[in-house]
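The values are calculated or read from the model by the stated rules, or taken from the named source; none is laboratory data. Everything numeric here is computed off the predicted structure, so don't read it as measured data. Using ideal geometry, Cβ is built from the backbone for each residue, glycine included, and neighbour counts are taken over all protein chains shown.
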Amino acid sequence: MVIGKGFKEEELSGHGVREIRGLARQVRADVLKMAQVAGKTPVGGALSVVETLLTVILGSDIDPADPANPKRDRIVVSHENAVMAYYSALGRLDFFDLDDAIGLYGKAGSIFEGRLDRAVPGVEWGATQGGQGIAVACGLALAARWKGNKPNVFVLMSDEEQQRGEIGEARRFAKKYRLNNITAIIDANNAQVAGKTSEVMPQNIKYEYIADGWDVIEINGHDPAELYQAIRRASQIQSTPVLVIANTTVGAGVSFMENQLEFMNRPLGEEEFSEAVRELGESPDLAEALDYRTAFGDFEFDYLVSEQEEGDLDVGDPKTYRAGDSLSNIDAMGEALASVGDSTAATGRAALAVFDCAHAPRTGLLPFAQRHHERFLQCGLSGRAAVTVASSMSIEGVSALVTDYGVYAIGDVFAQLRNADHNRSGVKIVATHLGVDAGAEGKSLHCIDYIGSVANLPGFNLILPADPNETDRALRFMLNAPGNWIMGVNSTQAPVILNGEGEPVFAGAYQFEYGKSVSVRPGEGGVILSTGHMLPRALRLWELLEGEGMAPELIHVPCPLAVDREDVEDEPLLRALRKGRVIILEDHIKTTGLGARIANVVAKRGISCRLLGLGLTRYSFSGDQSELLRLAGLEPEKVAPQAKKFLKR
């Protein structure tokens, strides 16, 4: 054994130093081969981090034969240039067949992608964008703590990614929640694509971490003995998270590449490749690797990682609201969430985590925060880190929910949602104040493309409940549903939707079922479609038309992204579309909202009908929501004449 597991030995032996240096030489040669086989891949940044990777992997308590052991240490690599070196190091240490990594790196469909994938044994989090590593580590450390474990959690980063804002958010989160088992290591090679990192964006990295309460250790990143001592010391510090700055050289190990920034941007030519590999004491012959790559043929185009399994939270029984109850869908969501917290309390803290981004009084989280403060995580205005922390907690089996205004919970964190989607995590998002619900707070808070934005996240599901009863049931459903979900709720008072007999539509025998629309009122000669908080207005429009003796059917579509999915058969909706006249009422940019999804269904199914799309066409003003909808021509009284004329055609 080169290094004892857990960094327990006081120092690295001379034999250990020699072994790591020998492995480092082999890993560098592997990196050059991978890049050459894949073609046109620069390698300068991959060569500087090799000793760090090997020291961390060898010293971590991780068994290559059991890489998913729940008590294992965790290694998160967000260093974008370290991917090939990480594959080689894992392969050399028996996590998988190294020949697979060398021969199949970058081949479409292979698990050995240009960015890490969780399908690779030893990889905790995939497709990590620079700057997300510490947030991922926070989620893994917090989930482990809640399950009674305290593994070492190592994060390997580059110095260039310190320029990203999410790192600061996560750094402060780690300190606030005493995640002192996190050790971050920066490969400080002062090199990035645009030039020297110190010139591209000057930064005092060391003192930024110190200012946020971290301990910092600075070492030579090419000296295995120094690396071992620093990481061992960091893992023993129990009072704070620790940063290790490992000063390294770009292109390390190959004489003509060292300190040459050009190799951050360009691949090696054939002669350069041969010279570099021979200098490392290896053969430059790639025939076997190329034959292996060709022999594999094409891979299936499919997800490499399985979706998270269905949760087992005890979500309790739904609450029923009746006519006259006065509350918003945000209020109903908050009460339902607190109720779920009550039900899950007996199962321990590992069951549910709720993240707030400094808006709890406005986003419905106060009941949960007051009754379950130990599971309530206040992140301040650090929404990007919050989503990443929650996403990484979810892959550890924690039901993790983040709530914020829609412009932040969908728009501001889109890159983090996309990364959660890549990893097929199970994060739950509650986006509030959709459409023009933020009203007088101003147009910068009006989230008017919530359907269109989420539609560009292929693995996410979207729920837009209409009233407090549906909100309560949809939330309980979502918390246990596998995969990534977003639910939208608003702050304005939401009347309980009643049927013709005066009973709540979304209560009693009703159960929320993803992808199923609900007929709220019968009718002939056409159909009105709405989603989410616009249903009360659509119902008022129906009543106005009924008074004219020409009421169409009224259908609520709570899952607008499911309407054109091939695996969802929404029979009530399809039947209604065949009535020939379809009115869509929404407070969303009408070219990308529910109307656009319905148009897609009509075109794909060959349904003969006419569409009247009524939605937003521009940013609104600052003012009362009802006034803003009136100015946009979306209040029922303004819509009714146009709808009546459309239905008469």
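General remarks:
- Residue count for region 580-620, restricted to those that are surrounded by 14 or more Cβ atoms within 10 Å (Cβ to Cβ) and within 31 Å of the chain's Cα centre (by Cα): 20
- Check on ASN484, out of contact with any Cys (no Cβ under 6 Å at 6 or more places or on another chain) and within 30 Å of GLU627 (Cβ to Cβ): no
- Restricting attention to region 131-158 and to residues that are within 30 Å of SER48 (Cβ to Cβ) and polar (S, T, N, Q), the residue that is surrounded by the fewest Cβ atoms within 10 Å (Cβ to Cβ) turns out to be ASN152.
- Where helices (runs of 4 or more DSSP H) fall wholly inside region 115-206, the ranges with 1 or more residues that are among the polar types (S, T, N, Q) and over 20 Å from the mean Cα position of the chain (by Cα) are 197-200.
- Test: LEU545 is in a strand (DSSP E or B) and either in the same structural domain as GLU635 (by TED's automatic domain parsing) or not aliphatic (A, V, I, L, M) (or both): no
- Among the helices (runs of 4 or more DSSP H) confined to region 346-434, the ones with at least 3 residues that are at pLDDT 95 or above and aliphatic (A, V, I, L, M) are located at 383-394, 414-422.
- A Cβ distance below 7 Å, combined with a sequence gap of six or more or placement on separate chains, defines the contacts here; from region 455-479, residues that are outside the structural domain of THR592 (by TED's automatic domain parsing) and over 20 Å from GLY334 (Cα atoms) reach residues that are basic (Lys, Arg) and not in a strand (DSSP E or B) in the pairs LEU457/ARG418; GLY459/ARG424.
- Complete set of residues in region 277-304 that are farther than 17 Å from ALA101 by Cβ and touching a Ser or Thr at 6+ places or on another chain (Cβ under 9 Å): GLU279, PRO284
- Scanning region 522-536 for residues that are surrounded by fewer than 22 Cβ atoms within 10 Å (Cβ to Cβ) and farther than 11 Å from ALA576 by Cβ yields a total of 2.
- PHE273 vs. criteria at pLDDT 95 or above, of a type in the set (Phe, Trp, Tyr) and not in a helix (DSSP H, G or I): no
- A search for C-beta distances below 7 Å between a residue of region 11-28 that is farther than 17 Å from LEU47 by Cα and crowded, with 23+ Cβ neighbours inside 10 Å and any residue that is modelled with pLDDT under 95 and not small (Gly, Ala, Ser), counting only pairs 6+ apart in sequence or on different chains, returns LEU12/ILE3.
Let's see how each residue does on (1) buried (at least 23 other Cβ atoms within 10 Å of the Cβ); (2) under 26 Å from the mean Cα position of the chain (by Cα); (3) assigned to a helix (DSSP H, G or I); (4) at pLDDT 95 or above:
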residue: LYS40; (1), (2), (3), (4): no, no, no, no
residue: GLU51; (1), (2), (3), (4): yes, no, yes, yes
residue: LEU54; (1), (2), (3), (4): yes, no, yes, yes
residue: ARG72; (1), (2), (3), (4): no, yes, no, yes
residue: VAL76; (1), (2), (3), (4): yes, yes, no, yes
residue: VAL83; (1), (2), (3), (4): yes, yes, yes, yes
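- For region 607-649, a residue qualifies if it is in contact (Cβ under 8 Å) with a residue 40 or more places away in the chain, in a loop (DSSP other than H, G, I, E, B) and among the hydrophobic types (A, V, I, L, M, F, W, C), and the qualifying residues are PHE621, ALA632, LEU634.
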